[in-house]
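Novice: Before I ask anything, let me first share the structure, which is written out below as structure tokens.
The values are calculated or read from the model by the stated rules, or taken from the named source; none is laboratory data. All of these numbers come straight from a predicted model, not from anything done at the bench. We place every Cβ from the backbone using ideal geometry, glycine too, and count neighbours over all the protein chains shown. For the accessible areas, the whole protein counts, side chains as well, though only heavy atoms, and no ligand, DNA or RNA atoms are used. Shrake-Rupley method; radii C 1.70, N 1.55, O 1.52, S 1.80 Å.
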Amino acid sequence: VPATLAELGKVNFKGTFDGFINDFTTYGAFTTALGTVYTDLSIQLPEETKNTTYTGRIRTEQFDAGKLLGQNDFNQLNLDLEVNGKGLKVEDIDAEISGNISTLRYNNYLYQSISLNGTFNEQVFNGLLTSKDPNADLDFNGSISFKNKMPQMDFISTINRLNLQALHFT
């Protein structure tokens, strides 16, 4: 099992699991130290985490994705996504994603009502993100690079409301 998965702690599973420990399909709920993950997912876990592949649907409840990905200010994630990709570490992920993020805590602010459709590759998200959060009501079409401490963005956007103070950026 890849070392990054150790952050999950004790994992309890209720559902179906078909296949081998390194090549399987799972439908059910995983309760972990980082939160709950619901899956309808096919996964292949080779020895190198960068070659891990996955396809299907994933839903989370109160999941601390930042701890798993090494990003301290990214947690309390509630999402429902379709995903097709590979890699588990931020620097290795190459995936197509689409779906909704009902809540996500970033920079100590709880964002709500986000939909996205795009790709994540080489630490860069490219695609369309729509936020209907009360303090961040906007459409974003472009890219966000997470290669540096401060994300770099290149995009076209329609901003209906953006309260930087409420979002803890000022």
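Novice: Evaluate the following for residue 54: is it over 20 Å from residue 90 (Cβ atoms), open to solvent by less than 70 Å² (accessible area, probe 1.4 Å) and not small (Gly, Ala, Ser)? Explain how you work it out, then say what you get.
Specialist: On the way: over 20 Å from residue 90 (Cβ atoms): no; open to solvent by less than 70 Å² (accessible area, probe 1.4 Å): yes; not small (Gly, Ala, Ser): yes.
Considered against the rule, which asks whether it is over 20 Å from residue 90 (Cβ atoms), open to solvent by less than 70 Å² (accessible area, probe 1.4 Å) and not small (Gly, Ala, Ser), residue 54 comes out as no.
Novice: Quick one: is residue 96 open to solvent by 40 Å² or more (accessible area, probe 1.4 Å) and within 21 Å of residue 123 (Cβ to Cβ)?
Specialist: yes
Novice: Which one is surrounded by the most Cβ atoms within 10 Å (Cβ to Cβ) among residues in the range 1-21 that are modelled with pLDDT of 90 or more and out of contact with any strand residue (DSSP E or B) (no Cβ under 7 Å at 6 or more places or on another chain)?
Specialist: Step by step, filter the range 1-21, then rank; the result is 20.
Novice: Tell me which of these residue 80 doesn't satisfy, since it passes every other one: (1) touching a Lys or Arg at 6+ places or on another chain (Cβ under 8 Å); (2) of a type in the set (Asp, Glu); (3) open to solvent by 70 Å² or more (accessible area, probe 1.4 Å).
Specialist: Only one criterion is unmet by residue 80, namely (3).
Novice: Within the range 63-75, is there a residue that is farther than 24 Å from residue 124 by Cα and open to solvent by 70 Å² or more (accessible area, probe 1.4 Å)?
Specialist: No: the range 63-75 contains no residue that is farther than 24 Å from residue 124 by Cα and open to solvent by 70 Å² or more (accessible area, probe 1.4 Å).
Novice: While we're here: Are there any strands (runs of 3 or more DSSP E) wholly within the range 99-164 with 3 or more residues that are at pLDDT 95 or above and surrounded by 14 or more Cβ atoms within 10 Å (Cβ to Cβ), and if so which?
Specialist: Details: elements: 109-121, 124-133, 136-145, 152-162.
Here the list reads 109-121, 124-133, 136-145.
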